[in-house]
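All remarks here apply to the structure that follows.
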Amino acid sequence: MNILLKSAKIINAQNKELHLKKRDILIKDGTIDKIAAKIEAPKDTQVVDLKNLHVSLGWLDSSVCFGEPGYEERETISNGLRTAALSGFTDVVLNPNTHPIADSSSDIVFLTNAARDSATNLHPLGTMTMGGEGIDLAELYDMHNSGAVGFYDFKSPISNSNLLKIALQYVQNFDGLVYSQPLDVKIAGKGLVHEGITSTKLGLKGIPSLAEEIQIVRDLFILEYTEGKLHIPTVSTANAVKLIADAKKKGLNVTCSVAIHNLYFTDEVLEEFDTTYKVYPPLRTKKDTKALIKGVKDGTIDFVTADHIPLNIELKAVEFDNATYGAVGLESAFGLLHTIFDTETCITLLTQGKERYNIAENDLAEGRKACLTLFNPDVDYTFEKSHILSQSKNSMTLGESLKGKVYGIFNNNQLILN
């Protein structure tokens, strides 16, 4: 396939010669053949000439759920990857949120094979423990050899401190990455939302910030002891950011992420008891949101993520207490993020950190594989149900004013456009 991208403004701060320049980009058989001010289209070349076209390196989302196998009514791998591609993502890290759960090498092989011909690359996580039950370690080494990029009992904390210690020590033999969900279940109890003024007004049981922070303190102490490699997914409190910042100053090998909706929404949106806003970690206060944004800007927080969790309507159209946690977010990720940060910052956040998962780094340069995201940052629009490409429609962004339209991606010698 030969593709010519016309008058594309390149956003790539690592390449000072091309950054913010408008260039034609000729791609031949999946490789960037030429970048110049003007290129005449060779024979048998598809010309892509889009309004205010911007191009960056392909985007990564570090926390995505689909459904297959077991929950295909929520989302299939094929449609999930198509949704990711049309949302601008060339790479997604897939959570083990399936049935059966991915706790063996054969499960990882199934996932990678199912995504083999897709434009978007799928990087699966395996569970840290058998069945995700937090009791016995799963087949970590075998899953690693089959393509698992890390190990995570999805949204479930590791209550057994010694088990986390052993896992962090064991994976050092093959440079493995361990996840630890920041939640002390005893302190969280039966909480549903952030514990604060809003939960008190609504009469809903709250999850105190302490439940997240005390677990992070424990995990960081264990990490310091083991000298392992730890990722803390979707932090949500101001103190969590401070704890991780202090750990990084000490030289600990720790990264963390934040859900984009935790940067944008606060718990005040819960006043209508809309289960769409029931997510975990819960939406917290303006003070927390400001601290999270600051943590993103200063590099304490390594990844922003849609934390994309498709759920069929039966799991959301129930009483608030009984609703399942989660929301879809791939389709609105860039538009929501772009309401908070400028274009260059957004692209930096969406393209950084691939080395954490041993995903091959690329460059937007002649002779390199074309792994690109195409977008227009200057489109203002209201996010509507028609914008949701997932099979499940549980988006908390409906009705929000967003900025930035994704055209699609070019990756694995495939052009995917909206």
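Which of the trypsin sites (Lys or Arg not before Pro) found in the range 123-190 are in a DSSP loop and have at most 10 neighbouring Cβ atoms, other than their own, within 10 Å? Here the sparse-neighbourhood loop sites are K190.
So what is the relative contact order for the range 85-229, in percent, with contacts set as C-alpha pairs under 8 Å and at least six apart?
19
Close amide H contacts of L177 (hydrogens built in the peptide plane, cut-off under 5 Å, sequence separation of 5 or more or a different chain): F151.
When the trypsin sites (Lys or Arg not before Pro) in the range 222-284 are filtered for DSSP coil states and for at most 15 other beta-carbon atoms within 10 Å of their beta-carbon, the remaining sites are K250. Computed from backbone phi, the HN-Hα couplings of the range 208-215 come to x, 4, 4, 4, 7, 6, 5, 5 Hz, rounded to whole numbers (Karplus: 6.51 cos²θ - 1.76 cosθ + 1.60, θ = phi - 60°; Gly and Pro given as x). From the square roots a ≥ b ≥ c of the eigenvalues of the alpha-carbon gyration tensor of the range 250-335, which class results: rounded (a/c under 1.5), prolate (a/b over b/c), or oblate? It is prolate, given that a/c is not under 1.5 and a/b is the larger ratio.
Of the trypsin sites (Lys or Arg not before Pro) found in the range 25-69, the ones in coil according to DSSP and having at most 14 other Cβ atoms within 10 Å of their Cβ are K38, K43, K51.
A Förster radius of 51 Å combined with the Cβ-Cβ distance from S401 to D136 puts the calculated FRET efficiency at roughly 0.60.
Subtracting the Cα-Cα distance of E224 and N162 from their residue separation scaled by 0.36 nm leaves 20.9 nm.
Mind checking the per residue accessible area of the chain for me, 1.4 Å probe, whole number of Å²? The partial results should precede the final answer.
Numbers: 16840 Å² over 418 residues.
In whole numbers, the chain has 40 Å² accessible per residue.
Cα gyration tensor of the chain, axes a ≥ b ≥ c as square roots of the eigenvalues: rounded (a/c below 1.5), prolate (a/b > b/c) or oblate? Cα axes put the chain in the prolate bin.
How high is the FRET efficiency from S78 to E366, r the C-beta distance, R0 51 Å, rounded to 0.05? FRET efficiency, S78 to E366: 0.95.
Across the range 82-94, rounded Karplus estimates of 3J(HN,Hα) from the backbone phi angles (6.51 cos²θ - 1.76 cosθ + 1.60, θ = phi - 60°) give 5, 4, 4, 4, 6, 9, x, 9, 8, 9, 9, 9, 9 Hz, Gly and Pro being marked x. When shorter helices are ignored and each DSSP H run of at least 4 residues is given -39500 (n - 2.57), the per-residue value for the chain at 222 nm works out to -7500 deg cm²/dmol. Once both labels are positioned 7 Å from their Cα atoms along Cα-to-Cβ, the gap between I197 and V109 label points is 5.7 nm.
Extension gain, K290-A36: 0.36 nm per intervening residue step, less the Cα-Cα distance, totals 87.3 nm.
Restricting to Cα atoms and excluding each atom paired with itself, what does the Kirkwood estimate give for the range 299-406 in Å?
15.9
Computed 3J(HN,Hα) for the range 125-130, one whole-Hz value per residue from the Karplus formula 6.51 cos²θ - 1.76 cosθ + 1.60 where θ = phi - 60°, is 9, x, 6, 7, 10, 4, glycine and proline marked x.
Less than 5 angstrom separates the built amide H of S395 from those of V328, all sequence-distant by 5 or more or on a different chain.
Counting protein heavy atoms only, the chain has 49 percent of its accessible area on carbon and sulfur, 1.4 angstrom probe. Here the simple spin-label model places points 7 Å from the Cα toward Cβ, and for Q414 and N52 these points are separated by 2.9 nm. Take the alpha carbon gyration tensor of the range 336-375, find the square roots of its eigenvalues, order them as a ≥ b ≥ c, and report rounded if a/c is under 1.5; if not, report prolate when a/b exceeds b/c, else oblate. It is oblate, given that a/c is not under 1.5 and a/b is not larger than b/c. Inter-part distance, the range 391-418 to the range 182-230, computed on C-alpha centroids, equals 32 Å. If you put +1 on each Lys and Arg Cβ and -1 on each Asp and Glu Cβ, how big is the dipole of the range 273-418 around its Cα centre, in Debye rounded to 20? It comes to approximately 180 debye.
The values are calculated or read from the model by the stated rules, or taken from the named source; none is laboratory data. Since the model is a prediction, treat every value here as computed from it, not as a measurement. All Cβ positions, even for glycine, are placed from backbone atoms using ideal geometry, and neighbour counts span all protein chains on display. Please note that ligands, DNA and RNA were not included when accessible areas were found on the heavy atoms of the full protein model with its side chains. Shrake-Rupley method; radii C 1.70, N 1.55, O 1.52, S 1.80 Å.
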